[in-house]
Amino acid sequence: MGKIVAIKKLKHLYLVDLSGFDGEDEKIYISEDTIVHFFLNIDKEIEQSDLEDIRAYDQFARGKA
């Protein structure tokens, strides 16, 4: 299980800092549509399977755009 520790808006994407996945921090770049779809916010806890769903949805959302 991991936790969102920061969300930073860049030009067209958001940088999401995750902490706690296998003891390591992770950073992912996702679209605003993905943030809204999964109700992502700081301090939200997510499972590894949720992270895979987020990545899959984000690829779909970016392809659609």
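How much net charge surrounds F21 when only other residues with a Cβ under 10 Å from its Cβ are counted (Lys, Arg +1; Asp, Glu -1)?
Working: positive: K3; negative: D22, E24, D25, E26, E47.
Net local charge, F21 excluded: -4.
Calculate what fraction, in whole %, of the accessible area of the chain sits on carbon and sulfur atoms when a 1.4 Å probe is rolled over the protein chains. Show your work: numbers first, answer last.
Working: 2290 of 4530 Å².
Carbon-and-sulfur percentage of accessible area, whole number: 51.
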Can you work out the accessible area per residue across the chain, with the rest of the protein chains kept in place, probe 1.4 Å, in square angstrom? 70
Run the quick spin-label model on A56 and F21: label points 7 Å from Cα toward the beta carbon, then report their separation in nm to one decimal. 1.5
Between the Cα axis of helix 48-64 and the main Cα principal axis of the chain, the angle (0 to 90°, nearest 10) is 10
Check each of the chymotrypsin sites (Phe, Trp or Tyr not before Pro) in region 1-39 and keep only those in coil by DSSP with at most 13 other C-beta atoms within 10 angstrom; list them in order. F39
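The values are calculated or read from the model by the stated rules, or taken from the named source; none is laboratory data. A quick note: this is a predicted structure, and the numbers were derived from the prediction, not measured. Every residue, glycine as well, gets a Cβ built from its backbone with ideal geometry; the counts of neighbours run over all protein chains shown. Keep in mind that these areas ignore ligands, DNA and RNA; they rest on the heavy atoms of the full protein, side chains included. Shrake-Rupley method; radii C 1.70, N 1.55, O 1.52, S 1.80 Å.
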